[in-house]
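Below is one structure; the comments refer to it alone.
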Amino acid sequence: MKPFAKLRAALALANLAFFPALAAEKTRPDILAEMGKVKEDFLNSRDNVDVRYEYTNLLFQSGDFWEARKVAQPIVEAPDATNEALTLAARLAYLVGKYEIAEDLFQRILDTKAGDPNERVLEMVGLMFAYYQQNKYDKIRAMEFPSGVQLPNVEAIKASAKLPYQIEWANEDRVASMPFLVPDPLPVFMVEVNGVPMAVAFDTGADSLILDNEVAAALGIEEVVNIMADGFGGGKPGEIGFGWAESLSIGEVTMKNIPINILPIKQFSDHLGSSGIVLGGIIGTAMMRQFVGTLDYENERIVLRERTPESVRKLKAVLDVENTVTIPFVLDLSHLMMARGSLNGKTGLTFFVDSGLGSQDASIAFPGFSAPIQTLNYLGIPEPVTTLNVESSGGAGGAWASGRFIVESIGLGPLVQSDVVGEYGARIPTTYWQFGYIQDALISHGFLGKYSSWSIDFDNMMYIFER
């Protein structure tokens, strides 16, 4: 088994996040036990602000972001709400896609911190992300972070005065499609970057458009800034460049002014077997966020529709209603999507929905997910034997020791599959509490690609699966 590129082009401030990670020894059973006790207190004393906040925080840590936001609302509406409560409420609003509300809450906190600018950094980071998700780059450019705080994504945005993702359609329907060159180990299709054709893979573990460093150089695209990040498969570090492309065309749609990351992508071409395809880049979550996007696995193509409520209505009209399932998701940091799932009958788990885990060897089942040791302990699964394959690689280009195991069942919302192969090694123990809440597993292409289609509605923060 040779894991495909597990790309997470994490921004430099990922380690800041919005919340510090909790102690690594706390696991889901610990949080559930605490939540059971606090919930009883909450139901008996709903007017107790401290108990309500404690319950909200435990819901957040468990990954039930939607219920946490409901419980937090009375605290937020109080004129004397603490900054701690407002920060949690802002984070929850951000996660569920209520970006203007998140803006207001982060600004409300900033207004109370007129002193030391270093005390304002986390709220400014939160505000910046709220602007980022709405493509409000002009507002990001106007932000002044304290001296000594260097955020490469902000520096890259400030390096250009252009508005990002300016979209031009070649047809009145405002629908574009492109066939897959190969559907596995990841969907690969053709695009044009600055007018030059190239093959790209689809990976929601990536942010926007990632270009190979040699391809970027050939196109005359220069790095504005680069960083060393550690959010890749197996916890491996890797250098990420930031820059801009003039245009990206996918079928009948062209986008102008594209923020990009730069990584050595061509190395992953070998993982496409005997296809002879040379990868020039990766298309990630932020690119899909500009559209109502569909991975049409049955017809082996990607379909992009204009991001409007009407496009969602038209999409649903062509799907088989009886075999269509909608699943809510949240979006963290720049591009990390999370949704609720189950493993071996244990429900209420939080999955990082990252479609970029695959396998070169088609004779071996593609891993449907990857889980850290804390999750295996929770399921009572023995730690798998791992081996280091020097030919395997992640986004950072380095190999990590990997093992395999099988679960009786894994579910994403109501979608459940049996006897699914899991990977062990890519999700190191620190990923479990990486952003202040439990991430039980990473669910990927080996699971997602088993359905007729997978569409992403960012306005309503819903996945739409057709069985």
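Structure notes:
- Of all residues in the range 185-222, those satisfying the criterion of being surrounded by 19 or more Cβ atoms within 10 Å (Cβ to Cβ) and not hydrophobic (A, V, I, L, M, F, W, C) are P185, P187, D203, T204, G205, D207, S208, D212.
- With respect to (1) in contact with a Gly (Cβ under 9 Å, 6 or more places away or on another chain); (2) farther than 30 Å from S355 by Cβ; (3) of a type in the set (V, I, T), the lone exception for V182 is condition (2).
- Screening A72 on (1) at pLDDT 95 or above; (2) closer than 30 Å to I373 by Cβ; (3) among the hydrophobic types (A, V, I, L, M, F, W, C) shows it passes everything except condition (2).
- P328 surrounded by fewer than 22 Cβ atoms within 10 Å (Cβ to Cβ), within 29 Å of L92 (Cβ to Cβ) and within 14 Å of the chain's Cα centre (by Cα): yes
- In the range 30-69, residue farthest from A89 (Cα to Cα) [restricted to those that are modelled with pLDDT of 95 or more and of a type in the set (S, T, Y)]: S62
- Residue match in the range 279-292 (condition: in contact (Cβ under 8 Å) with a residue 24 or more places away in the chain and surrounded by fewer than 18 Cβ atoms within 10 Å (Cβ to Cβ)): no
- Among the numbered conditions (1) modelled with pLDDT under 95; (2) buried (at least 17 other Cβ atoms within 10 Å of the Cβ); (3) over 23 Å from the mean Cα position of the chain (by Cα), the only one that V149 does not meet is (2).
- Here is the figure for the range 407-450: residues that are in contact with a strand residue (DSSP E or B) (Cβ under 8 Å, 6 or more places away or on another chain), assigned to a loop (DSSP other than H, G, I, E, B) and surrounded by fewer than 19 Cβ atoms within 10 Å (Cβ to Cβ) total 3.
- Among residues of the range 90-131, those that are closer than 26 Å to R340 by Cα and part of a loop (DSSP other than H, G, I, E, B), counted: 3
- The range 362-396, residues that are surrounded by fewer than 17 Cβ atoms within 10 Å (Cβ to Cβ) and at pLDDT below 70: A362, S363, I364, A365, N389, V390, E391
- In the range 39-89, the residue that is nearest to Q133 (Cα to Cα) out of those that are among the hydroxyl-bearing types (S, T, Y) and not in a helix (DSSP H, G or I) is T82.
- For the range 334-350, taking the residues that are assigned to a loop (DSSP other than H, G, I, E, B) and of a type in the set (G, A, S), the one that is farthest from the chain's Cα centre (by Cα) is identified as G345.
- Total residues in the range 180-211 satisfying the condition of being of a type outside the set (A, V, I, L, M), farther than 18 Å from N153 by Cα and either in a strand (DSSP E or B) or within 20 Å of the chain's Cα centre (by Cα) (or both): the figure is 9.
- Some residue of the range 308-317 being of a type in the set (K, R) and part of a strand (DSSP E or B): no
- Candidates Y137, Y99, Y165, Y132: the one that is more than 20 Å from N261 (Cα to Cα) and aromatic (F, W, Y) is Y99.
- Residue within the range 134-156 that is within 18 Å of S208 (Cβ to Cβ), aromatic (F, W, Y) and not assigned by TED's automatic domain parsing to the domain that holds M461 present: yes
Matching residues to (1) crowded, with 24+ Cβ neighbours inside 10 Å; (2) touching a Leu at 6+ places or on another chain (Cβ under 7 Å); (3) not charged (D, E, K, R):
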site: A85; (1), (2), (3): no, no, yes
site: A89; (1), (2), (3): yes, yes, yes
site: L92; (1), (2), (3): yes, no, yes
site: Y99; (1), (2), (3): no, no, yes
site: L105; (1), (2), (3): yes, yes, yes
site: K113; (1), (2), (3): no, no, no
site: D116; (1), (2), (3): no, no, no
site: R120; (1), (2), (3): no, yes, no
site: M128; (1), (2), (3): no, no, yes
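- Criterion: aromatic (F, W, Y), at negative phi, buried (at least 24 other Cβ atoms within 10 Å of the Cβ) and at pLDDT 95 or above - qualifying residue of F458, F351: F351
The values are calculated or read from the model by the stated rules, or taken from the named source; none is laboratory data. Quick caveat: nothing in here was measured; it's all calculated off a predicted structure. Cβ coordinates were reconstructed from backbone atoms using ideal geometry, including for glycine residues, and neighbour counts include every protein chain displayed.
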